[in-house]
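To start, the structure under review is shown below, and the notes come after it.
The values are calculated or read from the model by the stated rules, or taken from the named source; none is laboratory data. Please read these numbers as outputs of a predicted model, since none were measured by experiment. Cβ placement follows ideal geometry from the backbone for every residue including glycine, while neighbour counts extend to all protein chains displayed.
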Amino acid sequence: MRVLVFGASTVQGFWDSQGGWADRLKRHYDEIQLKDLSKDIPHVMNLGISADGSSELLKRIGYECEARQNQKGLTVVISIGSNSAAIVNGQPVASVEQFKTEMAQIISVAMQYTDKVMLVGLPSVDESKTTPLAWADWHFKNDRIAEFESKVEELAGEHGIPFVPIHSTMFAKGNSLNAADGLHPNDAGHELIFNLVQPKLDKLLNT
């Protein structure tokens, strides 16, 4: 079974010394595999691309899944939306309605390749460093990110697929889980996301 994890820079692993929560998933299953090579253990593929939003993921998810099909099947994990929720040069990257529409299309494409699809929520940010970012007129605010995550949760319910909430758990811990840029999780933040995702992924893989 191949597990494809789609998303942007947080999935890609910014700024985690261990490669990010998706790579932590890969290492978790690889360590199990190395103890018994005869077992059929999931192989995790990190398909995060920095700066992607729902529009960008919609353009690529079909051919990414097509290229990675195999006889053992696919599981698709999707965590996208923070960049769609951004305000850039005073203008929203996407409206909440546009985001939900694109996410519904992304789910529909993924479900053409597998019935094992899981949605993961969005990390909180340190607004003192993200309104705006130090290097660009990009603004990220927690209330808007939380609103976008709520649409992901709605879609999970509508499609009957698992959802892993992230934002409220991170936000409750203040800024202790944010990296120096305020936008991405630090090592502890990525470890938190891994610990939230891994049990639900195991459950999905075993259904």
task: Consider only pairs whose beta carbons are under 7 Å apart and that are at least six residues apart or on different chains; among these, list those whose first residue lies in the stretch 75-86 and is closer than 11 Å to Glu149 by Cβ and whose second residue is of a type in the set (Lys, Arg) and surrounded by fewer than 24 Cβ atoms within 10 Å (Cβ to Cβ).
output: Ala85/Arg144
task: Please list, ordered by first then second residue, the pairs with beta carbon atoms under 6 Å, 6 or more apart or interchain, first in the stretch 17-44 and touching a residue at least 12 places away in the same chain (Cβ under 8 Å) and closer than 17 Å to Leu204 by Cα, second β-branched (Val, Ile, Thr) and loosely packed, with under 14 Cβ neighbours inside 10 Å.
output: Ile41/Ile32
Options Met118, Met103; residue that is touching a helix residue (DSSP H, G or I) at 6+ places or on another chain (Cβ under 6 Å) and surrounded by fewer than 24 Cβ atoms within 10 Å (Cβ to Cβ): Met118
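Listed here are the residues, each with its yes/no results for (1) touching a Phe, Trp or Tyr at 6+ places or on another chain (Cβ under 8 Å); (2) of a type in the set (Ser, Thr, Tyr); (3) part of a strand (DSSP E or B).
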position: Leu4; (1), (2), (3): no, no, yes
position: Trp15; (1), (2), (3): no, no, no
position: Ala51; (1), (2), (3): no, no, no
position: Lys72; (1), (2), (3): no, no, no
position: Val76; (1), (2), (3): yes, no, yes
statement: Pairs returned, first residue in the stretch 52-73 that is without any contact (Cβ under 8 Å) to a residue 12 or more places away in the chain and more than 19 Å from Pro92 (Cβ to Cβ), second residue that is assigned to a loop (DSSP other than H, G, I, E, B) and small (Gly, Ala, Ser), beta-carbon separation under 7 angstrom, 6 or more apart or interchain, are none
message: Please go through (1) surrounded by fewer than 15 Cβ atoms within 10 Å (Cβ to Cβ); (2) in a loop (DSSP other than H, G, I, E, B) for Asn83 and return the number of the only condition it doesn't satisfy.
response: (1)
- request: Look at Trp15 and say whether it is buried (at least 16 other Cβ atoms within 10 Å of the Cβ) and modelled with pLDDT under 95.
  value: yes
- line: Checked against (1) part of a loop (DSSP other than H, G, I, E, B); (2) among the aromatic types (Phe, Trp, Tyr); (3) in contact with a Ser or Thr (Cβ under 7 Å, 6 or more places away or on another chain), Trp135 satisfies every condition except (3)
